[in-house]
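Novice: Below: one structure in structure tokens.
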Amino acid sequence: MGSRRHFLQAFGSAGVLAGLVGSGLLRPGQALAVDFNRAAFDARSAADALRLIGATGAETSADILLKAPEIAENGAAVPIEVISNIPGTTRLSVLVDKNPFPLALQFNFAPPAVARFQAKLKMGESSRLRIVASAGGRHYTVFREVKVTAGGCG
Amino acid sequence: MADPMKIRASAKDGVTEVKILMSHEMETGQRKDAAGALIPAHFITEVSAEHNGRQVLAAQFGTAVSKNPYLAFKFKGGAKGDKLAVSWVDNKGDKRTDEVQIA
């Protein structure tokens, strides 16, 4: 899978990466920008989006913390916070299963970044919220059902 | 050119916390106007943050990010007075970069 190969090349070894950065051969920006798969954002189903980001076999992990409201009053701005305690997390992806385009956002973190963020999402209707954390070429996931009383996509 | 971002960056105990409020319509392409015609999608696709010229975060957005996106993240390092630049690009090629000093 192309995206997985890029991922391994870019992030395969933090030590190698640090060495390259130190020698000035590789700017971190380049390493970060390489492996996004924009097509995944056009996927119409969560399964397709997961396949395109190369995370079909993601295993459930308790080391990803997802803070999201159980019931969101306003689907136009659902606040979420994601923290990954998985060592070496380089990417976090957020999917809303029932949105027209499930993949909402993806973050790539350079090694000094802490794998956590807050953002606000639109949710068209009550749906499963799914986080995928990628670390060292492996994928981990966590789910949460969020009820929406007024949709944000209409 | 879009309105400026509001950025707060504060360093504490070797970790810099960054909060960003972008000003953008984030039109999904799903909504219809009064005449029933679809309003074309117009949304931020890429966001990137650089600390003293070194990239610390690269994000990709889809249409499901809220209007006027709010984003908060942290990275190790950064000291008071360092430069932090945040830039975004949208699907129409419009872009904006704003820079602040870490407080």
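Novice: Does the range B:1-85 classify as rounded, prolate or oblate by the C-alpha gyration tensor (a ≥ b ≥ c root eigenvalues; a/c under 1.5 gives rounded; else a/b over b/c gives prolate, otherwise oblate)?
Specialist: Prolate, because a/c is 1.5 or more and a/b exceeds b/c.
Novice: Residue separation times 0.36 nm, minus the C-alpha to C-alpha distance between B:Lys80 and B:Lys92: what's the value?
Specialist: Gain in length upon complete extension: 0.8 nm.
Novice: Given 0.36 nm per residue, what is the gain on full extension from B:Ala103 to B:Leu21 after removing their alpha carbon distance, in nm?
Specialist: In short, 27.8 nm is gained.
Novice: Using a/c under 1.5 as the rounded threshold, could you call the range A:104-154 rounded, prolate or oblate? The axes a ≥ b ≥ c are square roots of the C-alpha gyration tensor eigenvalues, and prolate needs a/b larger than b/c, oblate otherwise.
Specialist: The shape class here is prolate.
Novice: Counting only the heavy atoms of the protein chains, how much of B:Asp33 is accessible to a 1.4 Å probe, in Å² to the nearest 10?
Specialist: We get 70 Å² for B:Asp33.
Novice: Hey, another quick one. With all protein chains present and a 1.4 Å probe, how do A:Arg116, A:Arg44 order by accessible area, largest first?
Specialist: Greatest to least solvent exposure: A:Arg44, A:Arg116.
Novice: With r defined as the distance between the Cβ atoms of A:Arg51 and A:Gln118 and R0 fixed at 35 Å, what FRET efficiency is calculated, to the nearest 0.05?
Specialist: 0.80
Novice: Ratio of Rg to Rh for the range A:38-148, alpha carbon only, Kirkwood?
Specialist: 0.94
The values are calculated or read from the model by the stated rules, or taken from the named source; none is laboratory data. Keep in mind that this is a model prediction, so the values were computed, not measured. Cβ atoms come from the backbone with ideal geometry, glycine included; neighbour counts cover every protein chain shown. We work out accessible area using only protein heavy atoms, side chains counted, and drop any ligands, DNA or RNA first. Shrake-Rupley method; radii C 1.70, N 1.55, O 1.52, S 1.80 Å.
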